[in-house]
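One structure is given below, encoded as structure tokens.
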Amino acid sequence: MARPLSFDPDAALDAAMRTFWQRGYAGASIQDLTDATGLSRSSLYNTWGDKLGLYIAALDRYRRRDGAHAFLPLLRGGDPLDRIRAVFDALVDDATEAPGRGCFMVGATAERGPDCDATRLRARDALSALAQSFEGAVREAQDRGDVPADRDAEALGHGLAAAVYGLRTLARARVPRESLELAASGALAALR
């Protein structure tokens, strides 16, 4: 019979997620991960299999919790254009409040997406879910007459999602707030 875990896997996963988020997959050594989580190497390997297993688990946790939180305005009621703007306003605010942090999913996509099927699949799923959420809000705005009906809602949704990824990348590069605001305004101008 397996012994029960003597540590909180969620807390350990949060610590590993922060380490990967800050250092990337290649930059986070097993020693960094054991230091951050307070776990032994054997506990890490017994729980998540290997470094990649821990990384993917951290990426899944980020997407469920932190990544999804940024896009909650799209799921709320109210004016759809206000909800879309709220997402971009929150991205700019977040980039200003935590310069250089960026987005774990965007960083993972850039670093591991080309070579890691598991990362690539998660990146595609995250982008698709975001694009669909934007598309839904665009369709609502079209129904209200706030976005021209002849505009391709699916294309707009994907464009807005790509703009989010771009803003998150710029945030990681510590681009000034004014530049982020201009980039967000440019993305939103596509809705007119």
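All C-alpha pair distances within the range 9-60, sorted into 10 Å bins from zero, spread as 30, 67, 4 percent across the bins.
Potential lengthening of the chain between GLU97 and ASP60 amounts to 10.9 nm, from the contour at 0.36 nm per residue minus the alpha-carbon distance. Applying both filters, DSSP loop and at most 16 other Cβ atoms within 10 Å, to the trypsin sites (Lys or Arg not before Pro) of the range 110-174 gives ARG144, ARG151, ARG174. Please work out whether the chain counts as rounded, prolate or oblate from its C-alpha gyration tensor, where a ≥ b ≥ c are the square roots of the eigenvalues and a/c under 1.5 means rounded, while otherwise a/b larger than b/c means prolate and anything else oblate? Since a/c reaches 1.5 and a/b is larger than b/c, the shape of the chain is classed as prolate. Residues in the range 39-48 carry Karplus couplings, in order, of 9, 7, 4, 5, 5, 4, 5, 5, 8, 10 Hz; the curve used is 6.51 cos²θ - 1.76 cosθ + 1.60 with θ = phi - 60°, and Gly or Pro positions show x.
In a fully extended conformation the segment linking VAL175 and SER6 would gain 56.6 nm over its present Cα-Cα distance, using 0.36 nm per residue. Pick out, from LEU72, SER43, ALA190, the residue whose Cα sits farthest towards the positive end of the charge dipole of the chain, with +1 on the Cβ of Lys and Arg and -1 on the Cβ of Asp and Glu. Value: SER43.
Laboratory data are not the source of any read-out in this text; all were calculated from the coordinates shown. All of these numbers come straight from a predicted model, not from anything done at the bench. In this analysis, Cβ positions are derived from the backbone assuming ideal geometry, glycine residues included, and neighbour counts consider all displayed protein chains.
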